[in-house]
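The values are calculated or read from the model by the stated rules, or taken from the named source; none is laboratory data. Everything numeric in this text was worked out from a predicted model, so none of it was measured. Reconstructed Cβ throughout: ideal geometry from the backbone, glycine too, with neighbour counts over all protein chains shown. Accessible surface areas use protein heavy atoms only, side chains included; no ligands, DNA or RNA. Shrake-Rupley method; radii C 1.70, N 1.55, O 1.52, S 1.80 Å.
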Amino acid sequence: MKSGYNILWTDYALAELKTTIEYLETHWTEKEIKNLVSKIENILEFISKNPELFPQTQSRKNVRRAVVTKQNTIYYRTKGQNIEILSFFSNKQNPKKRRLFGG
C-alpha cells in the first residue's frame, strides 16, 4: 500500500492561507484557529491517501474541491505523485474572485 502523495502548495494558495489566518487572528480565539489548522491537516491527509475522494469542479475537470469548513475550501489537482494545492478559498468572497493558478 502506498504511503500517499506529496502535498505541494502553490505560492498563490499559501498567500491565501496566510491572509485567512491573519484575518482569523483578529476575529477568532486561538483554540478556534488551532481547530481550523487541525481540519486542514486532516483534509490534506485524506487527499494525500486518496486524491479522488473529493469531487471535481464543474469548471475544470482536473481540479478537485475539498470543503474544509463552511467558510473555506481547498482546490487541488494531482500531478504525478504530487498533489498541488491551487487555492485556499474563503467562501465568503464573491465566487468570481476564485482563481486557480496553475490550473
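Given 20 °C and 1.002 mPa s, compute D for region 18-59 with the Stokes-Einstein relation, Rh being the Kirkwood radius over Cα pairs; round to the nearest whole µm²/s. In µm²/s, the coefficient is 179. Distance between the modelled labels on Y23 and K49, one decimal in nanometres: 3.1 nm (7 Å Cα→Cβ projection). Averaging Cα coordinates gives a centre for region 70-93 and one for region 11-56; these two points are 9 Å apart. For the chain, relative contact order (Cα pairs under 8 Å, six or more residues apart, normalised by length) works out to 31 percent.
Under 5 Å between amide hydrogens, built in the peptide plane, is the criterion, and for Y5 it picks out K49 among residues at least 5 positions away or on other chains. How large, in percent, is the carbon and sulfur part of the accessible surface of the chain at a probe radius of 1.4 Å? Carbon plus sulfur share of accessible area: 50 percent. Of the options (i) 45; (ii) 54; (iii) 57, only one is percent of Cα pairs over 18 Å apart as computed from these coordinates, and that is (i).
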